[in-house]
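Have a look at the structure below, then the notes.
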Amino acid sequence: MFRGKYYSGDEIEALSTGLKNSGRSIVLSLSPGPTPVNCSEHLKQFANLWRVSNDFWDNWKSLDHNFSLFAEWFGNGAPGHWPDGDMIPFGRICQRNCDVRPDRWTRFTRDEQLTLLSLWALAPSPLILGMNLPDNDAWTTAILTSPEVLAVDQDALGRQARRMTAAGDLAEMWVKELASGAYAVGFFNRTNQSVKVNYAWRHLGFLAAPAVRDLWLRQDLGRQEKFTASLPPHGCVLLRVK
């Protein structure tokens, strides 16, 4: 990972060439961001991942902004090159040295933590942890190791999620095609009030009621013609639909 300065296109190309000639398997991660979208073709050719945001910390404003950034980068991620939403500031952060002191526990609420991981999995963004792992509590460990959510991020097809929110909808919807032929679907509430979701699966192209599974709860919801739920402020639900 190269930090601390902005690299020109020629410098990135030289770095990439040098790493390829080393004879070792090395991932080239470029930081800091934000990276301009108009550099995408060069980045896809020479880097494996690149930061799309400024330094990302544990506040809702930053997380909310990353929805827009991932939407802007749609179509530019695939196996071997990924837009990166930055490290995940969960658990205990800023221990000993940090730009945004003091040493503290994450300021993200639990709903916001589920939203972040769901969005990163759908994007899909590299999952890089920015925390002191030995201090993790049971909640933090559980959400960071949730197998069905991690499987969405690591899906072999490597597709990026498309934002498909209709005008006027309070809940935002993101859809990602999976290698199994299923879809990962996230509904997000970016407002400060609870919102209801009432979505008919026929709008996603299903001619018959699909099987729906809640990936965070690891619970089958049965075959549904439509999905209904109430999302808390800054909350979400992540589903697999087939």
Worksheet item: Pulled fully out, how much extra length does the chain show between R218 and L150, if you take 0.36 nm times their separation in residues and subtract their Cα-Cα distance?
Response: 23.2 nm
Worksheet item: Can you list the residues, at least 5 places off or on another chain, whose amide H is less than 5 Å from the amide H of T191, using H built in the peptide plane?
Response: H234
Fill in: Nearest-0.05 FRET efficiency for A14 and L207, computed from C-beta distance (R0 45 Å)
0.30
Discussion item. Restricting to DSSP H runs of at least four residues, report the calculated mean residue ellipticity at 222 nm for the chain, -39500 (n - 2.57) per run over all residues, nearest 500 deg cm²/dmol.
Written reply: -7000 deg cm²/dmol
Discussion item. Accessible area of the chain with a 1.4 Å probe: how many percent of it is carbon plus sulfur?
Written reply: 51
Worksheet item: Given springs between every Cα pair under 10 Å in a Gaussian network model of the chain, which of V27, V197, V52 has the largest fluctuation?
Response: V27
Practice prompt. Please work out the Cα center distance from the stretch 114-178 to the stretch 179-213, rounded to the nearest Å.
Written response: 15
Item to complete: Check every DSSP H run in the chain and write down those whose alpha carbon atoms cover 15 angstrom or more along the long axis and whose mean Kyte-Doolittle hydropathy is 0.0 or greater.
Response: 110-122
Item to complete: Let me know the number of lysine pairs in the chain closer than 16 Å at the Cα, not counting same-chain pairs under 8 apart.
Response: 4
Worksheet item: Once the dipole of the chain is set up with Lys and Arg at +1 and Asp and Glu at -1 on Cβ about the Cα centre, which of G18, T141, L63 lies farthest towards its positive end?
Response: T141
Worksheet item: Hey, what's the stretch 12-100 come to in accessible area per residue, 1.4 Å probe, Å²?
Response: 48
Practice prompt. Set the Förster distance to 25 Å, then compute FRET efficiency between D55 and R162 from the Cβ-Cβ distance, nearest 0.05.
Written response: 0.40
Response to the item:
Largest fluctuation, P34, P89, P102 only, Gaussian network model of the chain with Cα springs under 10 angstrom, belongs to P102
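The values are calculated or read from the model by the stated rules, or taken from the named source; none is laboratory data. What you see is a predicted model, and the numbers here were worked out from it, not measured in a lab. No Cβ is skipped: glycine too gets one built from the backbone with ideal geometry, and neighbour counts run over all protein chains shown. Please note that ligands, DNA and RNA were not included when accessible areas were found on the heavy atoms of the full protein model with its side chains. Shrake-Rupley method; radii C 1.70, N 1.55, O 1.52, S 1.80 Å.
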